[in-house]
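Let me begin by presenting the structure, written as C-alpha cells, before commenting on it.
All of the numbers you see were taken from the coordinates with simple rules; none came from a lab. These figures come from a predicted structure and were not determined experimentally. Every residue, glycine among them, receives a Cβ derived from its backbone with ideal geometry; neighbour counts consider all protein chains shown.
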Amino acid sequence: MAVVPASAIGSVTFDPIAQSQSVSTNDSLGFSVSATASSDIVWLLDDVVVEQSLSSTSSSYSFAETEAGTYNLTAVVSGSTDTSKIWTVNVVPAFNVTFSPDDTVLSSRLDRKPVFRANVSEGSDVTWYLNNNQVANYDGIFNSIYVPDVSETGNYSIKVHVLNPNGSIENQWYWVATPTPSQIMSGGSGSSSSSGSVSSNEDYKKILVKEVNMQFINKNVLTEFSFNDEKNPISSLEFTSSVNIGYVRMSLEVLNNRSSFVSEDPHDKVYYYVNINPDKIGLDNKISNTRIFFNVSQQWLDDNNIDADSVRLNLFSGHVWKTFPVKILEGSNTSDNSHSNVTFVSTTTGFGNFAITGKVNEISGDDVVVIDMGGNTSNKSSGAGPVSKKEEDTSNSENVLDSVFKSMKELFIKRNPVIT
C-alpha cells in the first residue's frame, strides 16, 4: 500500500456534506471523494467493502438499494493518517405518482370538461382543490379522478395533494372554460362570458329572415360562414383573420325595406337590403381576403330590365353607400331560365348594412327620337313663291338631318346630365 505524507492527505473533500441522506427504493444517490494527492480510497457499506480506488485523487460511489431500511456508507481515505466520513442513508419504499393531463394549462368548452387524474404506487390520501377550496378527499387509495363541477365560463385552478407515510407531493393545473355552442347561440354563457349577443337592434318588423352561423376562427386560416335559408340571397361569406379570435357568431338579417340605421337608398334599384354583423367588436380591422357570395333571381333581373353585369354589392359606411365590384361565377344561368339564380361574388371592407342593387335599362317616351321626314308642306303657303323640285329635296334633307342631330343631342344631355 502506498504511503502518503500527512501533508498530502490533509485536504480531502467529501460530497454530499450532510451526513444524513434519504432515497427511495427505485432511485440512487451519488457520493464522491477528492484529495489533493494520490491516496487509497475505500468504500464500505455496513462495514463491507463495496468499491476501492488505489493511488487516486478522486473516487465516487453510486448508492442504490431495492429494499427499504437504514444503511451506513463509509468512505476511507488512507495515507500516513486515515481520514473518513460516514453517511447514514435511509431507503424508503418507492413513492411513484403520475398526473394527467400532462399540460399545465388547458382550454375546453364547458360541455367538454377535462378529466384530472392522480395515480399512486401505494395507498395514499388524495385531496382535490378547486380555486384553493377543498372539493374532494379520499383516504388510502391508489387512483383518483376529478372532473370540475362548474357551469360558468372562466379561469379555474385545479390542485391535487397526495400524502402517505413516505412523503407528499402535489400538482396544479389551470383550466380555461369556454362557452358551449348553445350558450353562444343564445347569448348566455355564464357570468364570465365575453361572447356577447348578436343583435343589430334592427326593427323586427323589417326582418324577413334571420340566420346565425358560428365558427371558430384561428390565425391565418380561411374561415367560412354558410347560410341556408332559401329566402336569404347571401349564401356564404369568408375571410382570413390576422389573430386567433376563438368562437365568433355571424348574424345575417334579410330586410323587407331599408334598415332603420340607413339614411338614404342606393342610386340603383335594390334587390334586397341585408344586415351582416359579427358578435366581436373590432373584427373588421383584423380580417383580409373577405368574400361574400350571393344570388340574384333571374326573374327579378328580367322583370326590371337589369343586366347582370350591373349588379353590385353596396355597404352603407360613413353616411354614404360604398359600392364594391362583383364577379359572376361560372355556371350561373343569366338568361335561359327565368326561375334560376345568378351567383355573384364580391368583397367588402367591413360588416354592417348592405344592399344588393342593379341598374335598370330605362326605356320611356322621353327617350324616343322623333324624326321629321319632311312631310310638312307649310312652306308652300308661306308666300315665298314657288320652289323647284331640286330645292325642295335639298331643303327637306337638311331639315331631316337637323332634326336627327337635335334629337340625339337632347337625348345625350338627358342621359348624361352635368352635375354642378
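Here the label points at Ile207 and Asn305, each 7 Å from Cα along the C-beta direction, are separated by 3.8 nm in the simple model. Amide H to amide H, with H built 1.01 Å from N, Lys322 comes under 5 Å of Leu315, Phe316, Ser317, counting only residues 5 or more places away or on other chains.
Residue ranges 286-295, 49-58, 132-141 sort as 286-295, 49-58, 132-141 when ordered by packing (mean number of other C-beta atoms within 10 Å per residue, highest first). Computed from backbone phi, the HN-Hα couplings of region 116-124 come to 9, 10, 9, 10, 10, 6, 8, x, 9 Hz, rounded to whole numbers (Karplus: 6.51 cos²θ - 1.76 cosθ + 1.60, θ = phi - 60°; Gly and Pro given as x). Other residues within the sphere of radius under 12 Å centred on the Cβ of Lys206, judged by their own Cβ, net out at 0 (K and R +1, D and E -1). Once backbone amide H atoms are built at 1.01 Å from N, Ser24 has Val92 as its partners under 5 Å, excluding neighbours fewer than 5 places away on the same chain. Amide H contacts of Ser236 (H built 1.01 Å from N, in plane; Pro and chain starts excluded): Phe227, Phe293 sit under 5 Å, all sequence-distant by 5 or more or on other chains. Converting phi to 3J(HN,Hα) with the Karplus coefficients 6.51, -1.76 and 1.60 and the offset θ = phi - 60°, region 17-23 yields 6, 4, 6, 9, 10, 9, 8 Hz in sequence order, with x at every glycine or proline.
Where a ≥ b ≥ c are the square roots of the eigenvalues of the C-alpha gyration tensor, would you call region 1-143 rounded, which needs a/c under 1.5, or, failing that, prolate if a/b is larger than b/c, or oblate? Prolate is the answer for region 1-143, as a/c is 1.5 or above and a/b outweighs b/c. Each residue of region 294-305 is assigned a 3J(HN,Hα), and the resulting list reads 9, 10, 10, 5, 4, 4, 5, 4, 5, 5, 9, 6 Hz, derived from the Karplus form 6.51 cos²θ - 1.76 cosθ + 1.60 (θ = phi - 60°), x at Gly and Pro.
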